[in-house]
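Written below as structure tokens is the structure these notes are about.
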Amino acid sequence: MSLRLTNTLTRQKERFVPLHAGKVSLYVCGVTVYDYCHVGHARVCVVFDVVQRTLRRLGYDVTYVRNFTDVDDKIIARAHLNGESCEALTSRFIDAFYEDMDRLDCQRPQVEPRVTTHMDEIRTMIAEIIARGHAYLAPGEFGGQDVYFDVRSFAEYGALSGRAQEDNQDGASDRVQHDDRKRNQADFALWKSAKPGEPFWTSPWGNGRPGWHIECSAMSCKHLGTTFDIHCGGKDLVFPHHENEIAQARAANDGQFAKHWLHNGFVTIDSEKMSKSLGNFFSIRDVLKRYHPQVLRYFLLTAHYLQQLNFSDKALDDANRRVLYVYEKLALADQVLVNLPQARSPTPAVCLEARAELMEALSDDFNTPRALAALSEPIAALAKALEKPKDQPSQERAWHLRALIQEASEVLGLFHLDPAKTAADILQLAKDRLFPAGSEQEAEVERLVQARNDARAATDFAEADVLRGKLTALGVEIRDSREGTQWRPLLSE
RNA sequence: GGCGACAUGGCCAAGUGGUAAGGCAAGGGACUGCAACUCCCUCAUCCCCGGUUCGAAUCCGGGUGUCGCCUCCA
């Protein structure tokens, strides 16, 4: 099966043909490290983590690069506000980024370049752009020179975002001030002259720092070459960031730059884009205080990456129920199969079909909802096989299904954790959401459960049912079994 | 103002020409003291209007609605 992907550049789903047989060069636009990441950032990382895993599963040797932007206006402003250095700020949030992404099971790229360690490449690229007549100098506010990219000099400008230059309404954004030093208001800074009190680097144009877009052109070309396979990021980067990256790289080099562009849709809240500026965002770590990372990851993969995805407690609760169910089944499977290290029977058709469908789904523009659907039948079949734990053929069947799910879990980064522990963790988080551990409410629940058990032992079922009604009202679900009575938070509505 | 995306059952979400995947919820059955859990079963003709076609959720035209981008954004 061959890989197809939607290329923003051509606006079409196209067959993927790598530049070099068997190899893929992949660049993902990372984050600006001045704050904790929110669910929107999580989506980028999770989505392209699955892309990267899929490419590997398809047999490609992947070079995966993702940058950190550690020089930026917002970083400088935040560091100043906090009274700390930019380095202290960025290194703290890089650590936090790793913490979040590790919890979400996003594998780390091979190369994670930072702006601060690529100044030579950036300066060289700017010099080349100037030399080739695509940029010009303008006097800086506090001495030195600003360098601007001359958009008019690059005929293809606008090809990625599909807009003519005159389409961009001057003043459509109130963030941008008219600047007479620019030849064209669409021109953007390659180098910004230093302002007092700001970090700066030396350059032929005076002290200053790079503009936002040049870093990614310089770092991607450095680590992947001037022509590489795939460049990814959020949809909001299409214009201007990626448009400018293309202009810079192609102005400076003879290469084609990225051949395929992948852009993921936004995470929304009440159908509005989650963003820092709107203030309607949830940080990853806040969400993970309430829901297991696998639940968040599952949720992020329930929609195709191109679509927008609405974030809500309802959606997380739905995901929570499903992920818990799967882990409970896997835990049961591991228990049942403890004495069956290897099946002897041939792989059943359901496994072969699911495996094929899974990879076909992922090969079809990384269709994760379809991939998850492909897993539904084997999961249901496993549950059914586990109904007869002593039955030999059922065990054999369960073994194969368990193995299939394991294999799939490694591509999706889902359902691969220790099942019993994960199920317990998910439930613990649900209890914590209902009320804090060790709280008075918890003690009250324990008392009611005990009282109900006493009533049942005395066959006073009327009393037992009254007590269960009270527990239900508290949001607690009761499960009676031969081993005794268990309680857990009510997860259904 | 320009450019673009989306609209599928109660909720979420696949499907881009051949007759609607999957998840959650809900209903029925088995199980249960009764329940819950679990297992089994059931549950849509695809925003509106017009067109193309033997045939359209899928293509074309026109509406309506929601959202995004137009140099802070993942």
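The values are calculated or read from the model by the stated rules, or taken from the named source; none is laboratory data. Fair warning: this is a prediction, and the values are worked out from it, not measured in the lab. No Cβ is skipped: glycine too gets one built from the backbone with ideal geometry, and neighbour counts run over all protein chains shown. Accessible surface is based on the protein model in full, side chains and every heavy atom, while ligands, DNA and RNA are left aside. Shrake-Rupley method; radii C 1.70, N 1.55, O 1.52, S 1.80 Å.
If I filter segment A:243-263 for residues that are surrounded by fewer than 21 Cβ atoms within 10 Å (Cβ to Cβ), aliphatic (A, V, I, L, M) and more than 7 Å from RNA strand B (Cβ to nearest atom), do I get at least one hit? Scanning segment A:243-263 turns up no residue that is surrounded by fewer than 21 Cβ atoms within 10 Å (Cβ to Cβ), aliphatic (A, V, I, L, M) and more than 7 Å from RNA strand B (Cβ to nearest atom).
Report yes if some residue within segment A:366-376 is surrounded by fewer than 19 Cβ atoms within 10 Å (Cβ to Cβ) and more than 10 Å from RNA strand B (Cβ to nearest atom); otherwise report no. No, segment A:366-376 has no match at all. Do we have A:CYS221 as modelled with pLDDT of 95 or more, away from RNA strand B (no atom under 11 Å from the Cβ) and under 25 Å from the mean Cα position of the chain (by Cα) here? Answer is yes for this residue.
Please indicate, with yes or no, whether at least one residue in segment A:392-405 is within 9 Å of RNA strand B (Cβ to nearest atom) and touching a residue at least 40 places away in the same chain (Cβ under 8 Å). No, every residue in segment A:392-405 fails to be within 9 Å of RNA strand B (Cβ to nearest atom) and touching a residue at least 40 places away in the same chain (Cβ under 8 Å). The set of residues in segment A:441-493 being within 11 Å of RNA strand B (Cβ to nearest atom), assigned to a helix (DSSP H, G or I), touching a Leu at 6+ places or on another chain (Cβ under 8 Å) and open to solvent by 30 Å² or more (accessible area, probe 1.4 Å) consists of A:THR472 alone. No other residue among A:ARG78, A:ARG92, A:ARG53, A:ARG123 is assigned to a helix (DSSP H, G or I) and in contact with a Gly (Cβ under 7 Å, 6 or more places away or on another chain) apart from A:ARG53.
Against the definition (among the basic types (Lys, Arg), assigned to a helix (DSSP H, G or I), in the same structural domain as A:GLY208 (by TED's automatic domain parsing) and crowded, with 16+ Cβ neighbours inside 10 Å), how does A:ARG66 come out, yes or no?
Criteria not met by A:ARG66.
Do the conditions hold for A:ASP318, that is, is it more than 19 Å from A:GLU407 (Cα to Cα), open to solvent by 30 Å² or more (accessible area, probe 1.4 Å), in contact with a Lys or Arg (Cβ under 9 Å, 6 or more places away or on another chain) and free of Cβ contacts under 8 Å to residues at least 24 places away in the same chain? Judged against the criteria, A:ASP318 is not a match.
Quick check: anything in segment A:198-205 part of a strand (DSSP E or B), open to solvent by 50 Å² or more (accessible area, probe 1.4 Å) and within 10 Å of RNA strand B (Cβ to nearest atom)? Within segment A:198-205, none of the residues are part of a strand (DSSP E or B), open to solvent by 50 Å² or more (accessible area, probe 1.4 Å) and within 10 Å of RNA strand B (Cβ to nearest atom).
Scanning segment A:273-306 for residues that are surrounded by fewer than 18 Cβ atoms within 10 Å (Cβ to Cβ) and either more than 11 Å from RNA strand B (Cβ to nearest atom) or on the phi > 0 side of the Ramachandran plot (or both) returns A:GLY279, A:SER283, A:ARG285, A:ASP286, A:LYS289, A:ARG290.
Would you point out the residue of segment A:140-167, among those that are free of Cβ contacts under 8 Å to residues at least 40 places away in the same chain and part of a helix (DSSP H, G or I), that is least open to solvent (accessible area, probe 1.4 Å)? Can you show your working first?
Initial filter on segment A:140-167 (free of Cβ contacts under 8 Å to residues at least 40 places away in the same chain): A:150, A:152, A:155, A:164-167.
Subsequent filtering for residues that are part of a helix (DSSP H, G or I) retains A:152, A:165-167.
Values: A:ARG152: 165, A:GLN165: 44, A:GLU166: 150, A:ASP167: 100 Å².
The qualifying residue least open to solvent (accessible area, probe 1.4 Å) is A:GLN165.
Cβ-Cβ distances below 6 Å connect the following pairs, each with a first residue in segment A:1-30 that is in the same structural domain as A:ARG66 (by TED's automatic domain parsing) and without any contact (Cβ under 8 Å) to a residue 24 or more places away in the chain, a second residue that is open to solvent by 30 Å² or more (accessible area, probe 1.4 Å) and assigned to a strand (DSSP E or B), and a separation of six or more residues or different chains: A:ARG15/A:ARG4.
The single residue among A:ALA380, A:ALA356, A:ALA315, A:ALA371 that is part of a helix (DSSP H, G or I), under 21 Å from A:ASP100 (Cβ atoms) and among the hydrophobic types (A, V, I, L, M, F, W, C) turns out to be A:ALA315.
Within segment A:17-28, not a single residue is touching a helix residue (DSSP H, G or I) at 6+ places or on another chain (Cβ under 8 Å) and surrounded by fewer than 20 Cβ atoms within 10 Å (Cβ to Cβ).
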